[in-house]
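S.K.: My questions all concern the structure below.
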Amino acid sequence: MATPTLMDTYGERTLTLTRGEGNYVWDHQGRRYLDAISGIAVCGLGHCHPKVTEALQDQSNILLHVSNLYNIPAQQQLADRLAFVSGMDNVFFSNSGAEANEAAIKLARKLGSERGLATPQIVVMDGAFHGRTLATLTATGNEKVQRGFAPLPEGFLRVPFNDVAAIEQLASEHHSIVAILVEPVQGEGGIRVPDADYLPTLRTLCNRQNWLLILDEIQTGNGRSGKMFAYQHTGIVPDVLTTAKGLGNGVPIGACLARGKAARLFTTGSHGSTFGGNPLACRAGLAVLETLEREWLIERAEKLGEHLLQALRMRLTECPVVVEIRGLGLMIGIEINRPCGELVEKARAQGLLINVTAGNVLRLLPPLTLTDSECHQLIDAISTLIQQFAR
Ligand SMILES: *Cc1c(COP(=O)(O)O)cnc(C)c1O
């Protein structure tokens, strides 16, 4: 039952999870669930990974927090590591995805201001999700997220996702565009994977127009796509990169990374955060990056993802309710020809946590630590669930 002292932002929540270990969580009655949603792409290493727990225990005995008035060694180390694995030059740390995107939006506007533009514009996509702060909900391409929150900030132009011609058209009509903000694979929008040449074409367009290419890798990042960052499936590098979710494996942390001219836009006093990049969060981030590498989890995400996609396509090829099965790495979406929210309950009754996004897309975001046998269980359970739904 909903607690009246909590604001009603999440609807009625009927499951109470009280413990997690590896790829499983347990409810308050001790029932076990295979977690194929990972706290929405957060716990990529599974729950309570010993390396993360150890880092948190260690750091909480040393120093939890100091202000950004001081040097924070773990913050510097995590910045070095992130820059190295991404090919970006520098980092600003936040506490969430939305805040990482706020930093990215501020970078684009700072560029606009340096160019003498009164209302610099950022190109954003239909079906995008960028967060719930005022600027990021405005960038989000979903009316439900925006309704009731007028006045929305200006400075965003919207086009269909995966449609380069629409952006070319905008470029010819507007002269105050400074950036494109896009997810390499739309997550909340329904695991929408663009054409292979989409990002490279956007890169070329941004070079030609002198715009920033800002990639929102809050969901796709940190190994989930089968590369550290999803753009690494292509040959390109963005100017600005945001990430969060999987970076702390459950500890709130976000990052906005920049390269080249974008890396020099913020100067002393441009931006800040009380908690952003604090010692505890950065130790978690360092433990995550180390573990991804040490346990070869990114390679595993790529391999498991290909297998899941192939097996689900094979098992569900004749299933009349399935519109499309798509994905990249361990982001899998199964589009159903009608709303399918009830599948979440049905899966739960069998001890499996999944999610439905955009109303009719069953979404799987399993931990990168999923074993082969859990992967087979997942394929069996999901195909049976959908076949039963089709009857
Ligand atoms: C989850 C998400 C966000 C928002 O992150 P929060 O931490 O909830 O603020 C932004 N962009 C994408 C692509 C996301 O998946």
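S.K.: If you check Lys303, Lys261, which single one turns out to be under 19 Å from Leu45 (Cα atoms) and not aliphatic (A, V, I, L, M)? Please lay out each step first, then the result.
M.R.: Working: Lys261 fails: under 19 Å from Leu45 (Cα atoms).
Matching residue, one of Lys303, Lys261: Lys303.
S.K.: Looking at Ala128, Ala171 in this structure, which one is within 24 Å of Lys261 (Cβ to Cβ) and of a type in the set (A, V, I, L, M)?
M.R.: Details: Ala128 fails: within 24 Å of Lys261 (Cβ to Cβ).
Just a single option satisfies the conditions, and that option is Ala171.
S.K.: Got a number for residues in the stretch 12-34 being of a type outside the set (S, T, N, Q), under 25 Å from the mean Cα position of the chain (by Cα) and not in a loop (DSSP other than H, G, I, E, B)?
M.R.: Qualifying residue count, the stretch 12-34: 10.
S.K.: Would you check which residues across the stretch 35-57 are buried (at least 22 other Cβ atoms within 10 Å of the Cβ) and not in a loop (DSSP other than H, G, I, E, B) and list them?
M.R.: Passing the criteria: Asp35, Ser38, Ala41, His47, Val52, Ala55.
S.K.: Here is a further query. Open to solvent by 20 Å² or more (accessible area, probe 1.4 Å), out of contact with any Cys (no Cβ under 7 Å at 6 or more places or on another chain) and over 15 Å from Val178 (Cα atoms), is that true of Ser96?
M.R.: Yes, satisfied.
S.K.: Filter the stretch 304-333 down to the residues that are open to solvent by less than 20 Å² (accessible area, probe 1.4 Å), touching a residue at least 24 places away in the same chain (Cβ under 8 Å) and out of contact with any Cys (no Cβ under 9 Å at 6 or more places or on another chain) and list them by number.
M.R.: Correct list: Gly305, Leu312, Leu316, Cys319, Arg326, Gly327, Gly329, Leu330, Met331, Ile332, Gly333.
S.K.: Could you look through the stretch 341-355, keep only residues that are part of a loop (DSSP other than H, G, I, E, B) and touching a residue at least 60 places away in the same chain (Cβ under 8 Å), and pick out the one that is surrounded by the most Cβ atoms within 10 Å (Cβ to Cβ)?
M.R.: Within the stretch 341-355, the match that is surrounded by the most Cβ atoms within 10 Å (Cβ to Cβ) is Ile354.
S.K.: Another question about this same structure. Go through the stretch 178-210 and give me each residue that's of a type in the set (A, V, I, L, M, F, W, C), touching a residue at least 40 places away in the same chain (Cβ under 8 Å) and touching a strand residue (DSSP E or B) at 6+ places or on another chain (Cβ under 7 Å).
M.R.: Val178, Ala179, Ile180, Leu181, Val182, Val185, Ile191, Val193
S.K.: What about Ala281, is it open to solvent by less than 40 Å² (accessible area, probe 1.4 Å), part of a helix (DSSP H, G or I) and touching a helix residue (DSSP H, G or I) at 6+ places or on another chain (Cβ under 8 Å)?
M.R.: So Ala281 fails the test.
S.K.: Sticking with this structure for a sec: Can you tell me which of Thr220, Thr136, Thr140 is over 29 Å from Leu309 (Cβ atoms) and within 11 Å of the ligand (Cβ to nearest atom)?
M.R.: Thr136
Rundown of residues vs (1) open to solvent by 80 Å² or more (accessible area, probe 1.4 Å); (2) within 16 Å of the ligand (Cβ to nearest atom); (3) outside the structural domain of Gln232 (by TED's automatic domain parsing); (4) not in a loop (DSSP other than H, G, I, E, B), yes/no style:
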{"residue": "Tyr10", "(1), (2), (3), (4)": "yes, yes, yes, no"}
{"residue": "Arg81", "(1), (2), (3), (4)": "no, no, no, yes"}
{"residue": "Met88", "(1), (2), (3), (4)": "no, no, no, no"}
{"residue": "Val91", "(1), (2), (3), (4)": "no, no, no, yes"}
{"residue": "Asn101", "(1), (2), (3), (4)": "no, yes, no, yes"}
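S.K.: Name every residue in the stretch 143-170 that is more than 18 Å from the chain's Cα centre (by Cα), assigned to a helix (DSSP H, G or I) and within 16 Å of the ligand (Cβ to nearest atom), in order of residue number.
M.R.: Lys144, Gln146
S.K.: Could you please give the count of residues in the stretch 292-340 that are out of contact with any His (no Cβ under 9 Å at 6 or more places or on another chain), assigned to a strand (DSSP E or B) and not β-branched (Val, Ile, Thr)?
M.R.: 6
The values are calculated or read from the model by the stated rules, or taken from the named source; none is laboratory data. If you're wondering where the values come from, they're calculated on a predicted model, not measured in any experiment. Cβ coordinates were reconstructed from backbone atoms using ideal geometry, including for glycine residues, and neighbour counts include every protein chain displayed. The protein model used for the area step is the full one, side chains on, heavy atoms only, and it has no ligands, DNA or RNA in it. Shrake-Rupley method; radii C 1.70, N 1.55, O 1.52, S 1.80 Å.
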